[in-house]
Amino acid sequence: MSVRKRAERWPVYRQLTGADPLGRGRAAMSEHTERLRPRTETADRVVPSICPYCAVGCGQQVYVKDDKVVQIEGDPDSPVSRGRLCPKGSATLQLTTGSARRHQVLYRRPHATDWEPLDLETAMDMVADRVIETRRRTWEWEHEGKRTARTLGIASLGGATLDNEENYLIKKLLTGLGVVQVENQARVCHSSTVSGLGTSFGRGGATTFMQDLQHADCIVIQGSNFAEAHPVGFQWVMEAKARGARIIHVDPRYTRTSALADLHVPIRAGSDIAFLGGIINHVLTEEKDFREYVLAYTNAATLVGEDFRDTEDLDGVFSGLDEDAHHYDPSSWQYEGVRVQAPAGDVDEQYEVRTRGSGDPETHGSGGARTGHLAPRDETLTHPRCVYQILKRHYARYTPELVERTCGVPRETFLRVCEDLTSNSGRERTSAFVYAVGWTQHSVGSQYIRAASVLQLLLGNIGRPGGGIQALRGHASIQGSSDIPTLYNLLPGYLPMPHAHAHESLDSFVEASRTEKGFWAEMRAYFVSLLKAYYGDAATADNDYCFDHLPRLTGSHSTYDTVMAQLDGVCKGYFLLGENPAVGSANTRLQRLGMARLEWLVVRDFSLIESATWWQDGPEIETGELRTRDIATEVFFFPAASHTEKSGSFTNTNRWLQWHHAAVEPEGDARSDLWFMYHLGRRIKAKLAGSTDPMDRPVQDLTWDYPVDGPLREPIADHILAEINGHGPDGAPLSAYTQLKDDGSTRCGCWIYCGVYADGINHAARRKPGAEQDWVAAEWAWAWPANRRILYNRASAAPDGAPWSERKAYVWWDAAERKWTGRDVPDFVPDRAPDHVPPRDAKGPDALRGDDPFIMQADGKGWLYAPAGLEDGPLPTHYEPQDSPFTNALYPSTPRSPVRQLLPREGNRYHPSGEEKGAEVFPYIVTTHRLTEHFTAGGMSRWSSHLAELQPELFCEVSPQLAAERGLEHTGWATIVTARNAIEARVLVTDRIRPLTVHGRTVHQIGLPFHWGPNGMVTGDAANELMAIALDPNAHIQEDKALTADIRPGRRPRGPDLPKLVAEYRRRAGITGSTGTEVRT
């Protein structure tokens, strides 16, 4: 090669003589680099998909070459993500094709010390045999003389990254088998969202969608680190800020969200109701409410019965408290003159006792609680028993001074929030609230969300563009797994599971659950159509449409009750379908000890997660509490297919059903959960086909004739979505839930999804580019219900049907056309005039006035005050967390919620709190949080080298002051201790988490991410080891966002010394079986 040629190839020469003087482009490019071509350029095909991580639901493009996935990139057509992906979404190629994935079935024999390979078909047959045998041995026809027709010997816990179609088959098969302990990740993440939003408005999903946040004039982000936990969705907050919106972040930690906000408000974890209550008080005392909206669209003017007594009257409790039972009788909370009949009337006097705390509030996920719709009203809002006045009295003591004393928020900062929020709400302006599990995961989590709902109703922000409440969910289809629920207390579409009851028929069941007014009055049509979808021709009017095939509940059968059933030897077999409770659920030690009592366990996942290997290398093996050879649990590991290897729909946090298409076939034994459930059900049905035992009739009658496709005989997901959508008498797909009938002529697997397959078209698969639509993007995917993007949007117009303002016009009445029109599908009766007043004897949708925007509520109004529907009170009230350093400043005699659900037992001990003796042993507050680079319990991130490199180690965030107080060194080790367990973490000393002054003294908070466990490419202790099982009574969600602990320098003990350390802390604190369990002090 000549000297000239060599010189021309020299980067410095090219930089000085070419068009790249900075040397950042072609000047610095080598010949090798020039020859490289992107994998996307040589791909054979591009398959549209959806990211399988959080519930933002980012669009993806999957590139395939030679039937292998070679690249995954963001889809620029998506109106949700606009081509962007976060670090996790960008690493999905490694998730789906990485070396950590397993492709072979593994089997652990009872008492064995290692795995052995097992043929897939043999394993499926073995699992089918285990299910049949366990079910028969543990079958229960009656409980305490009442029909139950169920087994408590089998349980299931599923992940919320499964497709809707997979969840539908799981629930359908297990219900047919009489299994009631059916749960999923939604229980431990967002179940309180359903009870909080559902009771307030009539539906339990987010009232708005992320893209609409760009139209907000103020956004309050509280209980969420939006920028890090849902980074791609956060772009819409930044759009709002660019348009001049005020962004407020209320959070114990200063995060990336805080850095991009106009105001960060540090707050004590667990005190949010006091903070929100203070804003409510400010709105009421300063008369900042949107009065015309409040009068027309809320129950502010409705009168409450004379028997009601508030917490202000009874020192921290509402009327109706039974202290011995830890339960409220809510009858005194009702509107004046209203008496709601208990299910099936007075025939079964023990019904209320048996079903106490059984999760009824979640059944308001798409249908409000029962009350009267003709209760008296006082339009002047001056009657002492009208809701408005009750609200004013209830929150009168939530002053700026109380907020400062309780929350640690200075008066000036608090009043700044009040001013920003109220000045940006009204006719011309709207404000939005955004939250995540920082609100949901509390023993009063439902009431956190109720407090925001009350505030947004007072300010007139519900149902309007730029307003609403956005619940940020953390799994690809955690909304879908609530809608089509693998949850013990719900059937698809938030229909309630029946309880054990004397002489209950379908009609008496429906009569006790439905409302008289609005669309929830049509519940019988939704329920009968579901029974027809489940049982087909076997469901007839003569047999109550197979209503007695459904197993009955007796109280709570949530995932935490399941753990107790395992420990007590009641639950024998367990399915874990994409879920990892060994590190991901509260009190993980008890989770593992419960699994050690099982007879058999089925785990389906990508890798050998901790819930698959605890018997071999779990923490209790190291401490000596368990010995592998002593553990009789038989374990089956089935490798799962990834989202690129199956077709189906995810429902994101917007309530949008988005379809992802299979790009390639799964390798080896990996299969979808759709395949697993379908073929398991097929085997079980075949084995029971000749049975004459009545317990097998529900399984025999279950419709299960799904077409399959391809060499793996994969069920066609499209066909199952069509069943979910529903069919009419002629077999044609239905177009809307208003077409459902209660005479058995229609079939529908989930009434709120009716319309997703209208005209035989999969509307979840629609992909008109966002750039070709407005921000509503009505032709991308499909939103429940009826493709409505903003719920309750009748409230975006004034009572007369005209927009509140042109700036905030969204849906309005077209007088010439005699119909509602606008940018969205009207969430209202399409031709119901604004001035329509129905006859007093009208029922169902016919009873809705022209100014009743909340069409699923019993009275058509948004509920400032909940006369029914919740277990813990009609109004949000500040109570301290289960483990707290402080007493209740408002009600010292009632420090905690008097009806919180506790499960006290050895291994789940609670702390002394406030001024109780021993509380000083656990002086600090711990709150857990999420990182951008990891995913929940880590099963989809800790095995990825890309993500592991970004966040390699568990750490705790502490302030410099706490570090000095406890001798903690930056990057050194710390041990965090509670009465349940102790963990170790690296120390991050940072000003991002500040000490606060609460109750006149300094309080330190500790931030802990919760993504680690013993397995994977990066390992560490699980933060959930520290948690107690203390639950919200409405939703049975655990409290892990505010607890007390001690922190000490150095690493935790190893082996038997670890439980000795924890026992010593319990001894020092004087903890007994009754500590922390009182109703009142």
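No lab work stands behind these numbers, since they all come straight from the coordinates. As the structure is a computational prediction, the values presented were derived from the model and not from experiment. Counting neighbours? That spans all protein chains shown, and the Cβs are built from the backbone with ideal geometry, glycine included.
Charging the Cβ of each Asp and Glu at -1 and of each Lys and Arg at +1, and nothing else, the dipole of the chain about its Cα centre rounds to 2900 debye. Looking at the chain alone, DSSP beta bridges between its own residues are antiparallel in about 55 percent of cases. Couplings 3J(HN,Hα) for region 329-337, derived from phi with the Karplus relation 6.51 cos²θ - 1.76 cosθ + 1.60 (θ = phi - 60°), are 8, x, 4, 6, 7, 5, 4, 4, x Hz, where x marks Gly and Pro.
Calculated mean residue ellipticity, 222 nm, the chain: -7000 deg cm²/dmol, from DSSP H runs (n ≥ 4) at -39500 (n - 2.57) each, averaged per residue and rounded to 500.
If you place +1 on the Cβ of every Lys and Arg, -1 on the Cβ of every Asp and Glu, and leave all else neutral, what size is the dipole of region 193-472 about its Cα centre, to the nearest 20 Debye? Rounded to the nearest 20 debye, it is 1000 debye.
For R1001 and T1072, the difference between the fully extended length at 0.36 nm per residue and the C-alpha to C-alpha distance is 22.8 nm.
Between the amide H of W782 and those of L657, distances stay under 5 Å, these residues lying 5 or more places away or on another chain, with hydrogens modeled in the peptide plane. Multiplying the residue separation of A802 and D831 by 0.36 nm and subtracting their alpha-carbon distance yields 9.0 nm. If you find the alpha carbon centre of region 1031-1063 and of region 608-671, how far apart are they in angstrom? Value for the Cα centre distance between the two parts: 26 Å. Region 799-842 and region 24-99 have their alpha-carbon centroids 45 Å apart.
For the chain, the square roots a ≥ b ≥ c of the C-alpha gyration tensor eigenvalues yield an a/c under 1.5, which makes the shape rounded. With R₀ set to 56 Å, the beta-carbon distance separating I716 from E401 gives a calculated FRET efficiency near 0.35.
Each label point was placed 7 Å from the Cα along the Cα-to-Cβ direction; for A259 and A1063 their separation is 4.6 nm. Of the peptides 187-198, 210-221, 98-109, 894-905, the ranking by mean beta-carbon count within 10 Å, highest at the top, reads 187-198, 210-221, 894-905, 98-109.
Under the simplified labelling scheme, the E969-E625 pair shows an inter-label distance of 3.1 nm, with each label point 7 Å from Cα along Cα→Cβ. Highest mean packing first, where packing is the average number of other Cβ atoms within 10 Å per residue, the peptides 444-452, 114-122, 709-717 line up as 444-452, 709-717, 114-122.
Less than 5 angstrom separates the built amide H of F318 from none of the residues sequence-distant by 5 or more or on a different chain. When only alpha carbons are used to place a centre, region 980-1028 and region 407-430 end up 31 Å from one another. For the peptides 463-476, 127-140, the ranking by mean Cβ contacts within 10 Å, running from highest to lowest, is 463-476, 127-140. Dividing the mean sequence gap of close Cα pairs (under 8 Å, 6+ apart) by how many residues the chain holds gives a relative contact order of 18 percent.
For the pair T380 and D705 in one chain, pulling the backbone fully straight at 0.36 nm per residue adds 111.0 nm over the alpha carbon distance.
Exceedance of the 21 Å cut-off in Cα-Cα distance is limited, within the set K65/K768; K171/K741; K517/K741; K171/K517; K288/K392; K532/K572, to K65/K768; K171/K741; K171/K517; K532/K572. Net charge near D20: determine it from the other residues with C-beta under 10 Å of the C-beta of D20, scoring Lys and Arg +1 and Asp and Glu -1. Taking every other residue near D20 into account, the sum is +3.
Neighbours of Y488, meaning other residues whose beta-carbon lies under 14 angstrom from its beta-carbon, give a summed charge of 0 when Lys and Arg score +1 and Asp and Glu score -1. Close amide H pairs (under 5 Å, H built 1.01 Å from N) link E183 with S156, L157, G158, residues at least 5 positions away or on another chain.
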